[in-house]
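Here is the structure we will look at.
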Amino acid sequence: MLKIGLTGNIGSGKTIVAEIFNVCGIPVFDADLEAKKILNSPDIISRLLGVFGKDIILNGLVDRKALANIVFSDPDKLAILNAIVHPHVRQDFQNWCTSHEESPFVIYEAAIILESGFARQLDSVVLVTAPEPLRISRVINRDGVNREDVAGRIKNQLPEGEKIKLADFIINNDGSELLIPQVLRVIQELG
Amino acid sequence: MKYGYVMKFLNRIFNLHDEKVNYRMTVFVVCLILSTLVWILTKLSDSYSTEITFPVVFKNLPENKILVGSIDSVLKIGVHDRGFALVRLKYFTIKEPLEIELNNFRLRKVGHQYRTDVYSSYWSQGLAAEFDVEGDILYVLPDTIYFVFEDEFSKEVPVLPDITWSFEKQFLLYDSIRINPSEVTIRGLKDHIDTIDFVYTQKLELEGLSANVNRKIGMVVPGNNRNVKIDPVEVELTIPVEKYTESEIMTTLEIINLKKGQHIKLFPEQVKVTFLVALIDYKKINAEQFRLFVDLLDIESDLTRKLKVHIKSVPKSIRIVRIDPAEVEFLILK
């Protein structure tokens, strides 16, 4: 069974591509969703408290908004957060893979596959691309945040040009090409 | 001294300096004026004949009839009287139009018309009394006035606004323009009425609207036909104007014409509707009021890759700016 990474910068449209893979019968592991779940496990909370202080806790749970405000403005703290959370997520992914061994390949969907070096543990990486202005406007519309906030998050990600060099498959999601045929081509090649 | 004033006056005019010449000239001028006055008075005491024009208006036309053709609006009357009276009549009498009643005359039907011939001498006594003519009335011209009437027809026609407008920024038309009454009665000759299907309001240009418009406005008779009357002559025009703001909602697409056992997956399943809404309605709008769908009958062949997003229902008070995406990809699941 192949382990395929699906990544893309913020607002590129990873989720909808993952959804198409999923509808086509390819199991998809949503690493960001898993990370959010893990964030509120007692072990992680205690480690986060030690690094970020009690201001990130609200009603006994991690206040993701407060945490995001800290890490997206400080790359070092973002790296610490990833170092705390992602090993757990990857371990969960390994466990999840064992339950999908009958599938020719599975998708690991995450925003920072290439930045974190996890790509080395995957067989291929599919990158979803879209021009930065389009990505920014998508995130503004989706999350109701302002342009500066989006720019701050983009700063913490590798430029799309760099990621294209590292990826094995590119899915263009700027609206000029249909998504489904692109996904089907990837499935055909991997299958 | 009167002589002194006269001399000063003449000096100013003729610039006379010789006293002797001055005196003679003054005497001459005074005598000339006096003799002229005496001549005029003498002449005006005599009797003369002249023609005087009197304006007339015709009132109380027969009911449901229309006067066709042009009728003289003046009567010319030959008068024989003393000069004084003629001068008064001709130059010093304010001649208000003489109102002439037409309802006393019998009409005779000729074809589709109704006619009556009125001898204008009929009104000569009335004119004499009205304008205080003491002398003899010699003639009245025209001596006969031919009145021709036709049946008046009427019908209801809609009123259409002939209005152009612009709004201040953020202001838009809130509802349709209302005209009250929306229909008016037009009256006139059958041939004229039959060709009219609607009437326009007077042309109105409104710029920079930022509030409701409520005003009375007249209408324009097609072709400016003066024989066509409009009732009422004015209508109430209402242009509802409100301040708008942009808003957006996400809504899940419905799927119609899905065959039994068929499953379809849309990408994306939700679309964003960006719309303009009046501030007064802003709080009344919610996502449940928006129903958008894709129609599987739009799949014309295996080559169809996207389905157009259709609007089933949205709040009446909004204006859709865009739907994003306007088309969605789909997968038919087997």
*Using DSSP loop states and a limit of at most 16 other Cβ atoms within 10 Å to flag GluC sites (Glu not before Pro), what is the longest stretch of chain A containing no flagged site?*
A:1-100
*Expressed as a rounded percentage, what relative contact order does chain B have, with Cα pairs under 8 Å and six or more residues apart?*
12
*Of all GluC sites (Glu not before Pro) in region B:277-334, which ones are in loop regions per DSSP and have a Cβ with at most 16 other Cβ atoms within 10 Å?*
B:E300
*Straight distance only, please: which aspartates and glutamates reach the Cα of B:K216 with their own Cα at less than 17 Å, same-chain residues fewer than 8 apart left out?*
B:D162, B:E183, B:E205, B:D231, B:E234, B:E236
*Quick one: which of A:K3/A:K155; A:K65/A:K155; B:K260/B:K316; A:K14/B:K265; B:K260/B:K334; B:K265/B:K308 span more than 23 angstrom between C-alpha atoms?*
A:K3/A:K155; B:K260/B:K316
*Count the DSSP beta bridges whose two residues both fall in region A:2-190, then state the antiparallel fraction as a percent rounded to the nearest 5.*
10
*Any idea what angle helix A:132-143 forms with the longest principal axis of chain A, computed on alpha-carbon atoms, 0 to 90 degrees, nearest 10?*
60
*Where a label projected 7 Å from the Cα of B:Y200 along Cα→Cβ would reach, residues of region B:215-231 with amide N under 17 Å*: B:217-226
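Out of all DSSP beta bridges with both ends in the protein assembly as shown, state the antiparallel percent to the nearest 5. Mind dumping the intermediate values first?
On the way: 78 of 107 bridges.
Here the antiparallel bridges make up roughly 75 percent for the protein assembly as shown.
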_I want the local charge near B:A326. Using Cβ-Cβ distances under 10 Å, sum +1 for each Lys or Arg and -1 for each Asp or Glu among the other residues._
+1
*Distance from the Cα centre of region B:37-91 to that of region B:115-186, in angstrom?*
25
*Describe numerically, in nm with one decimal, the distance between label points set 7 Å from Cα along Cα→Cβ at B:K59 and at A:K77.*
9.5
*Report the one residue of B:G83, B:V30, B:S154 whose Cα lies farthest in the direction of the positive end of the charge dipole of chain B (charges on C-beta: Lys and Arg +1, Asp and Glu -1; origin at the Cα centre).*
B:V30
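For region B:154-217, what proportion of DSSP beta bridges, expressed in % and rounded to the nearest 5, is antiparallel? Walk me through the intermediate numbers first.
Working: 5 of 11 bridges.
That works out to approximately 45 percent antiparallel.
Carbon and sulfur together cover what percent of the accessible area of the protein assembly as shown at a 1.4 Å probe radius?
With neighbouring chains kept in place, the figure for the protein assembly as shown is 52 percent.
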*Identify which of B:V228, B:V199, B:V56 has the largest mean-square fluctuation in a Gaussian network model of chain B, with springs joining Cα atoms closer than 10 Å.*
B:V56
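Is there a quick way to get the dipole size of region A:1-73? I mean about its Cα centre, with the Cβ of Lys and Arg at +1 and of Asp and Glu at -1; what is the value in debye to the nearest 20?
Working: 8 positive and 7 negative charges, 18 e Å.
Charge dipole of region A:1-73: 80 debye, to the nearest 20.
What are the trypsin sites (Lys or Arg not before Pro) within region B:157-249 that DSSP puts in a loop, where the Cβ has at most 15 other Cβ atoms within 10 Å?
Numbers: sites: B:K169, B:R178, B:R187, B:K190, B:K203, B:R215, B:K216, B:R226, B:K229, B:K243; in loops: B:K169, B:K203, B:R226.
Hits after loop and neighbour filter: B:K169, B:K203, B:R226.
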*Separation between Cα centres of region A:1-74 and region A:90-146, rounded to whole Å*: 11
*Just report the Cα centroid separation between region B:244-290 and region B:310-334, whole Å.*
6
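Taking the Cα centre of the protein assembly as shown as the origin, how large is its charge dipole in debye, to the nearest 20, when only Lys and Arg (+1) and Asp and Glu (-1) carry charge on their Cβ atoms?
Values: 63 positive and 71 negative charges, 220 e Å.
The calculated dipole for the protein assembly as shown is roughly 1060 debye.
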*Given +1 on the Cβ of Lys and Arg, -1 on the Cβ of Asp and Glu, and no further charges, what dipole in debye does chain A carry about its Cα centre, rounded to the nearest 20?*
360
*How much accessible surface does B:E236 have with a 1.4 Å probe, in Å² rounded to 10?*
60
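Only loop residues by DSSP count here, and only those with at most 16 other Cβ atoms within 10 Å; note down the chymotrypsin sites (Phe, Trp or Tyr not before Pro) in region B:54-153 that meet that. Provide the component values of the computation, followed by the final result.
Numbers: sites: B:F58, B:F84, B:Y91, B:F92, B:F105, B:Y114, B:Y119, B:Y122, B:W123, B:F131, B:Y139, B:Y146, B:F147, B:F149, B:F153; in loops: B:F105, B:F131.
Filter output for region B:54-153: B:F105.
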*Candidate lysines for bridging to B:K65, where Cα separation is under 16 Å - those fewer than 8 sequence places away on the same chain excluded*: B:K109, B:K155, B:K190, B:K229
*Sequence neighbours fewer than 8 away in the same chain don't count; with that in mind, list the lysines whose C-alpha is under 23 Å from B:K43.*
B:K90
*Any chance you could check region A:160-191 for residues losing 40 Å² or more of accessible area when the partner protein chains are in, compared with the chain on its own (1.4 Å probe)?*
A:L178, A:I180
_What distance in nm separates the two pseudo spin-label positions at A:K65 and A:L184, each 7 Å out from Cα along the beta-carbon direction?_
4.3
_For chain B, built as a Gaussian network whose Cα springs stay under 10 Å, the top-fluctuating residue of B:I285, B:I40, B:I230_ = B:I40
*asked:* Helix-only estimate, please: 222 nm mean residue ellipticity of chain A, summing -39500 (n - 2.57) across DSSP H runs of length 4 or more and dividing by its residues, to the nearest 500.
replied: -16500 deg cm²/dmol
*asked:* Given a 1.4 angstrom probe, what's the average accessible area per residue across chain B, in square angstrom?
replied: 64
*Would you work out which of B:T195, B:I230, B:N212 lies farthest towards the positive end of the dipole of region B:193-271, given +1 charges on the beta-carbon of Lys and Arg and -1 on that of Asp and Glu, about the Cα centre?*
B:T195
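Say R0 is 45 Å: what FRET efficiency, to the nearest 0.05, do A:E162 and B:L160 get from their beta-carbon distance?
On the way: r = 64 Å, r/R0 = 1.42.
After rounding, the FRET efficiency stands at 0.10.
The values are calculated or read from the model by the stated rules, or taken from the named source; none is laboratory data. Bear in mind that the values here come from a model prediction, so they are computed numbers and not experimental data. Neighbour counts run over all protein chains shown; Cβ positions are idealised from the backbone, glycine included. Heavy atoms of the whole protein, side chains included, go into the accessibility calculation; ligands, DNA and RNA do not. Shrake-Rupley method; radii C 1.70, N 1.55, O 1.52, S 1.80 Å.
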